[in-house]
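Following: one structure in structure tokens, then a few remarks.
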Amino acid sequence: MYHYVRDLEHSRYPRIKGLDIASFRKQIEFLKQNFTVITMEELNCACNNRYELPKQAVLLTFDDGYLDHYTSVFPILKAENLQGSFFISGKTLKEHVLLDVNKIHYILATTQMDVLLPSVLKRMDYYRGSEYEYPDNDTLFNEYASGNRFDSKETIFVKRMLQTVLPVKVRSMICDDLFKKYVGISEDKLAGELYLTSDQIRLMKQEGMYIGLHGYNHYWLGRLSEVEMQKDIRQALEVMSEYIDHKNWVMNYPYGSYNESLLQYISSTGCKLGLTTQVKVADLSECSSLTIPRLDTNDFPPVSEKYKCRLDKERT
Ligand SMILES: [Zn+2]
């Protein structure tokens, strides 16, 4: 699983959490030497028992439809004759606006936590009570502030509040406000330099890359009502219509969030494979083809050797 892949040092926001191009090159070299890079079509056939995957198979997936994937990733994969699978959130293509998920990344990349956390808490207090109801700050902090292997508990708290926990209008007002205050570039300008365009996606597909769905609004789909969830998928299918096979498409759940009714709904609309963010080696004999786990780019050299213990854990 990859997200931003760019020349970090010379980019506008070097602190954004991403993979440097030089490291990406090294990682592809490493994967080629130690694994067999497969295509989405091969994975699809393997899930239907029509094809046996090579040993040590690895599939390269790129989330969120960033321009990085066209400028940094695509030329390298093309030169190496490898396929990448790219998952686009419909809204970025249709409306050319910045997704909240990206506003949050850029806010985090430009603001120290000792400034950001009080800022978020103050705004949560400001909006609470009048039109919008949600629990008090201490209750929410106790429930949601738990760190993971990439982020401190404060960072996770800020992310969860702004990604999904607060009412959609409140979180979007807070994101806009913080973005204006700390990031120092207009949303339009950043949206214009951040995402893939339809021409680029078309060319990547023509050249053998695989294109899949990543929702429309990049919401936590597993936390939406049935009606909102179905609407998000329908909008995504409509925008991505040109790039997918409606009888056989692949879903990549934003934030890895899904539930049973989402799985049923996407199955009924032609989805055949689904990618989660569960960190695990995928064993097709035991996982459902709609909930395939993934390892992260940070699990592999030159970033780390964590993939080894993930493989070992699988064996024991
Ligand atoms: Zn995403």
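The values are calculated or read from the model by the stated rules, or taken from the named source; none is laboratory data. Bear in mind that the values here come from a model prediction, so they are computed numbers and not experimental data. Cβ atoms come from the backbone with ideal geometry, glycine included; neighbour counts cover every protein chain shown. Accessible surface is based on the protein model in full, side chains and every heavy atom, while ligands, DNA and RNA are left aside. Shrake-Rupley method; radii C 1.70, N 1.55, O 1.52, S 1.80 Å.
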Enumerate the calculated ³J(HN,Hα) couplings along segment 179-191 in order (Karplus 6.51 cos²θ - 1.76 cosθ + 1.60, θ = phi - 60°), each rounded to whole Hz, writing x wherever the residue is Gly or Pro. 4, 4, 6, 10, 7, x, 8, 6, 4, 4, 4, 5, 4
Taking only Cα atoms and a 10 Å spring cutoff, compute GNM fluctuations for the chain and point out the largest among A191, A57, A236. A57
Most fluctuating residue given options N49, N102, N298, as computed from a GNM of the chain linking Cα atoms under 10 Å: N49
Would you please give the residues with an amide H less than 5 Å from that of V58, counting only those at least 5 places away or on a separate chain, with H modeled from the backbone geometry? T36, V37, I38
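Between beta-carbons, use under 12 Å as the cut-off and find the net charge around D296, counting Lys and Arg +1, Asp and Glu -1.
Charge balance near D296 sits at +4.
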What are the residues whose amide H is under 5 Å from the amide H of Y2, where those residues sit 5 or more places off or on another chain and H is modelled from the backbone? T61, F62, D63
Output the pairs from K55/K78; K94/K272; K55/K280; K159/K189; K91/K181; K17/K159 with a Cα-Cα distance over 19 Å in this structure; if there are none, say none. K55/K78; K94/K272; K159/K189; K91/K181
Could you tally the net charge around A236, taking each other residue with its Cβ under 11 Å from the Cβ of A236, Lys/Arg +1 and Asp/Glu -1? +2
Among I28, S89, S285, the residue whose Cα sits farthest towards the positive end of the charge dipole of the chain, when +1 is placed on the Cβ of each Lys and Arg and -1 on the Cβ of each Asp and Glu, is I28
Cα pair distances of segment 100-189 binned at 5 Å [whole percent]: 3, 14, 28, 27, 18, 8, 3, 0
Carbon and sulfur atoms: what percent of the 1.4 Å accessible area of the chain do they account for? 48 percent
When the Karplus curve 6.51 cos²θ - 1.76 cosθ + 1.60 is applied with θ = phi - 60°, which whole-Hz ³J(HN,Hα) does each residue of segment 285-293 get, with x for Gly and Pro? 6, 10, 9, 6, 5, 8, 9, 7, x
Quick calc, the chain, dipole around Cα centre from Cβ unit charges on Lys, Arg (+) and Asp, Glu (-), nearest 20 debye, gives 340 debye
Sort 145-157, 83-95 for me by packing, meaning the mean count of neighbouring Cβ atoms within 10 Å per residue, highest on top. 83-95, 145-157
Around V165 (Cβ within 11 Å, Cβ-to-Cβ, excluding V165; K/R +1, D/E -1) the net charge comes to +3
Considering the dipole of segment 115-204 built from charges on the beta carbon (Lys and Arg +1, Asp and Glu -1) around the Cα centre, which of M124, G147, F179 is farthest to its positive end? G147
Of the candidates Y243, Y144, Y126, which one comes out as most mobile in a Gaussian network treatment of the chain with C-alpha springs shorter than 10 Å? Y126
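When ligands, DNA and RNA are left out and all protein chains stay put, how many square angstrom of accessible area per residue does the chain have with a 1.4 Å probe?
About 48 Å² of surface per residue is accessible.
When you count, for each residue, the other Cβ atoms within 10 Å and take the mean per peptide, how do 2-13, 128-139 rank with the highest first? Before the final figure, lay out the partial values.
Working: 2-13: 17.2, 128-139: 11.5.
Descending mean neighbour count gives 2-13, 128-139.
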